[in-house]
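For reference, the structure discussed in these notes is given below.
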Amino acid sequence: MEHYIIWPAGQKSLPNNSEVKQNTELVNTIKLKAPHLLKPIKRQLPKASISWTKSLFFGDDYPFKNGKQVSTKGCIVWTDYQIKQWPLLLFILNNAVHQSFEEGIVKYFLDADLNSEPNWDEIRIIFKKCKPIRNINTDELDRWYDEISTTHIHPESYHDLYHWFGLAVRDIGYFAFDIFMKKRNGSIAWGEAIKAHLDNIPNLPVKIKNMLMGDFFIGLINR
């Protein structure tokens, strides 16, 4: 499941200036603390427009605009930031090891349900407590991939794993390489390396680890 930050799914009307500022600050904080989690997405709201008088009130830096291209005429368009549910939760658990998995769901997701909108107020707090990390561009990620490409993992899968694990993907890859040199099987090597990484998250239940392996990671490493 994906969530959006600039205009969260749970908010029915366009965000006002104050809400946009708050949401943009959250985006900027995540860019500093966990840039691998964010994906910019062009979004549009069909059959809608912002009146000229409202646009004056919102100001030039308001991210929501009336579409001007042929494909966006009659739409409100904006750039949003997508964040996926499970990578977000793994990041939270890694940075709130004193909380159980169940406590994390209750605190960081509305209605105490993983399928509901994140509790952005609480999530802001945990991101602000984290230390900044450097962002990795595509060229550097490709160089990391080249170091372990003999394990036969698909380059797109390696990039996808970066969006799951951030900087940790490099150490996971090195461990997968070491296993591969012994067993000569890339799927086994990456499966064991990812399992070992998940095992280091103390508040991640075994049944959730198994679900993540079966529903997500096995498909990635066998692409």
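The values are calculated or read from the model by the stated rules, or taken from the named source; none is laboratory data. The structure displayed is predicted, hence computed values, not measured ones. Glycine gets a Cβ as well: all are built from the backbone with ideal geometry, and neighbour counts include every protein chain shown. With ligands, DNA and RNA removed, areas are computed over all heavy atoms of the protein, side chains included. Shrake-Rupley method; radii C 1.70, N 1.55, O 1.52, S 1.80 Å.
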request  = Within the stretch 199-223, work out how many residues are under 20 Å from GLU102 (Cα atoms) and either among the aromatic types (Phe, Trp, Tyr) or without any contact (Cβ under 8 Å) to a residue 40 or more places away in the chain (or both).
outcome  = 8
request  = Return only the number of the condition from (1) surrounded by 14 or more Cβ atoms within 10 Å (Cβ to Cβ); (2) under 23 Å from GLU103 (Cα atoms) that ALA176 does not satisfy.
outcome  = (2)
key: Within the stretch 106-133, considering residues that are in contact (Cβ under 8 Å) with a residue 12 or more places away in the chain and charged (D, E, K, R), the one surrounded by the fewest Cβ atoms within 10 Å (Cβ to Cβ)   = LYS131
ask   = Which of the residues that make up the stretch 3-15 are in contact (Cβ under 8 Å) with a residue 12 or more places away in the chain and open to solvent by 70 Å² or more (accessible area, probe 1.4 Å)?
value = ALA9
note = Considering residues that are within 21 Å of PHE91 (Cα to Cα), without any contact (Cβ under 8 Å) to a residue 60 or more places away in the chain and surrounded by 15 or more Cβ atoms within 10 Å (Cβ to Cβ), the number found within the stretch 24-56 is 3
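If we only count helices (runs of 4 or more DSSP H) wholly inside the stretch 73-183, which ones have 3 or more residues that are over 16 Å from LEU37 (Cβ atoms) and at pLDDT 95 or above?
Numbers: elements: 85-94, 101-108, 120-129, 138-148, 155-165, 168-183.
By residue number, 138-148, 155-165, 168-183.
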request  = Please enumerate the residues belonging to the stretch 34-57 that are at pLDDT below 95 and part of a helix (DSSP H, G or I).
outcome  = TRP52, THR53, LYS54, SER55, LEU56, PHE57
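Evaluate the stretch 72-81: report whether one residue or more is free of Cβ contacts under 8 Å to residues at least 60 places away in the same chain, under 30 Å from LEU14 (Cα atoms), open to solvent by less than 50 Å² (accessible area, probe 1.4 Å) and in contact with a Leu (Cβ under 7 Å, 6 or more places away or on another chain). Full working, then the answer.
To start, the set of residues in the stretch 72-81 that are free of Cβ contacts under 8 Å to residues at least 60 places away in the same chain comprises 72-75, 77.
Imposing the further condition that a residue be under 30 Å from LEU14 (Cα atoms) reduces the set to 72-75, 77.
With open to solvent by less than 50 Å² (accessible area, probe 1.4 Å) added as a condition, the list becomes 72, 74-75, 77.
Subset that is in contact with a Leu (Cβ under 7 Å, 6 or more places away or on another chain): 75.
Taking every residue of the stretch 72-81 in turn, at least one turns out to be free of Cβ contacts under 8 Å to residues at least 60 places away in the same chain, under 30 Å from LEU14 (Cα atoms), open to solvent by less than 50 Å² (accessible area, probe 1.4 Å) and in contact with a Leu (Cβ under 7 Å, 6 or more places away or on another chain).
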query = Would you pick out the residues in the stretch 59-71 that are modelled with pLDDT under 90 and open to solvent by 30 Å² or more (accessible area, probe 1.4 Å)?
reply = ASP60, ASP61
